[in-house]
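Visitor: Dropping the structure in here first, questions after.
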Amino acid sequence: MKKISQILEELIERHEKYKKLRLFSVSSLWKKVVGENIASKAKVVDFIDGKLVVVCSDPMWRAELELRKNAIASRINEEIGKKLVKTIVLRRG
C-alpha cells in the first residue's frame with residue numbers, strides 16, 4: 001500500500017509545470033558540472049523520464065562526453081540530492 005505522500009509526489013511529477021521545472025533545474029546545473037568550455041559546445045535540450053538529452057556541436061567534445069556521461073549524471077544527481085538523471089543521450093547538433 002502506498003503512502004499518501006508518495007501518491008501526491010507521483011501526481012505532481014506528472015504535471016507539465018513540474019516537468020519544466022525539472023528540466024530547468026537540471027539544465028542550470030549542466031554548466032556547473034561540465035564546465036564553461038564544454039557547456040559552450042553541448043546544450044541540454046530536453047529531460048524526459050530520466051533521460052537528459054544533450055546536443056553537442058563538436059564531435060571531439062561529443063566523444064569526451066560519451067566517455068564521461070555516467071560520471072556527469074552522478075554529479076548532477078548529487079547536486080540535486082535525488083537520482084533524477086538515469087542516462088544522458090547525446091545528439092549531434
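Since every read-out is calculated from the coordinates, none of them should be taken as a lab result. Here the structure is a predicted model, which is why all the values come from computation and not from measurement. Here Cβ is always computed from backbone atoms with ideal geometry, including for glycine, and neighbour counts include all displayed protein chains.
Visitor: With respect to the cross-link table entries K2/K32; K43/K83; K3/K32; K3/K43, which display a Cα-Cα separation exceeding 27 Å?
Guide: From the list (K2/K32; K43/K83; K3/K32; K3/K43), the Cα-Cα distance tops 27 Å for K2/K32; K3/K32; K3/K43.
Visitor: Kindly put V33, V54 in sequence by how many other C-beta atoms sit within 10 Å of each C-beta, fewest to most.
Guide: Ranked by crowding around the Cβ, least crowded first: V33, V54.
Visitor: Quick one: order L65, L84 by neighbouring beta-carbon count within 10 Å, fewest to most.
Guide: L84, L65
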